[in-house]
Each structure stands twice: as structure tokens, then as C-alpha cells.
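Any read-out appearing in this document is the output of simple, stated calculations on the displayed coordinates, not a laboratory observation. Everything numeric here is computed off the predicted structure, so don't read it as measured data. When we count neighbours, we look across all protein chains shown, and the Cβ atoms used for this are built from the backbone with ideal geometry, even at glycine.
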Amino acid sequence: MAVETSVISDLSGYVSRVANLLRLDAALLTIETKQNLQALAVSLGLLVAALFVASLGLVILLFAIVLLLVQLGLSAALAAFLVAFVLFAAAGLMVFIGGHRLKSWTLKPHRTLAQFQSNIEALRASMQHEPKPNR
């Protein structure tokens, strides 16, 4: 009777530890997923900003071409071309940074999976090294 109580107690302890580990892994998964989604939002924000800046550059470039054709005086048109060039350069930089960040982004929770594997291995090791009750 005491052996059965000991086995049930040991099993209850294992179940409790497994449940606690699963709770902690779920919390870690939530945190890591939230971080990954925030990184995605920042990358997408940079790409949207790049699109907006590039469209402004296109408008200014078109104004510059019109001014160049109307005036044939380089001063106003040259200034407009320089502004458009700077805007396109800024958009290119944002696309490069946003694209680079987006390529390295993943939804796969690497740390959580590694921690979960570690927990499973620790549980297996503890179950193998536990003394078996005598019958």
C-alpha cells in the first residue's frame, strides 16, 4: 500500500513538474512571438515609409523635369533634381534596412523550442535516475 502511494506521489510530482514546465514554455513562446511580431511591424513600417518617400521623390523629380523643360535654366531644375536624388537615396536606404531586417525575421520561436527540448531532456534524465520503489 505504501509503495502504491509512493508511486502515485512520484507520478503526481512528475505531472506537476511537466505542467509547470509547459506553463513556462508557453509564457516564453508568447514573449518571443511578440518580439518577432514587433520586429516585423518595424520592418514593414520602414518599407511603407520608403514607399511614401519614394513617391515624394517622384513628384519632385517630375516637377524638376517640367521646370527644366519650361525654363531651360539649370538653377531651379538642378535644385529640384538634387532634392529628388536625396529623397530617392533616403528611400533606398530605408528599403535596404527594412528588407534586410525582413529577411532575418522569422516567426519560428528558436529560443522557446531550444528551452522546450532542454526541458524534455532534463525530464527524461531525471526519470532515468530516479530510484525505483521496491515491491
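At R0 = 22 Å, how high is the FRET efficiency between Val86 and Leu44 if r is their beta carbon distance? Nearest 0.05 is fine. Please list the in-between numbers first.
On the way: r = 24 Å, r/R0 = 1.08.
E(calc), rounded to 0.05, equals 0.40.
Once fully extended, how much extra length lies between Leu22 and Leu123, figured as 0.36 nm per residue of separation less the alpha-carbon to alpha-carbon distance? Can you show the working numbers first?
Numbers: separation 101, 0.36 × 101 = 36.36 nm, distance 1.19 nm.
Using 0.36 nm per residue and subtracting the Cα-Cα distance, I get 35.2 nm.
What FRET efficiency, computed as 1/(1 + (r/R0)^6) with R0 = 25 Å and r the Cβ-Cβ distance, is obtained for His100 and Phe63, rounded to the nearest 0.05? Don't skip to the answer; put the middle values down first.
Numbers: r = 32 Å, r/R0 = 1.26.
The formula returns an efficiency of 0.20 here.
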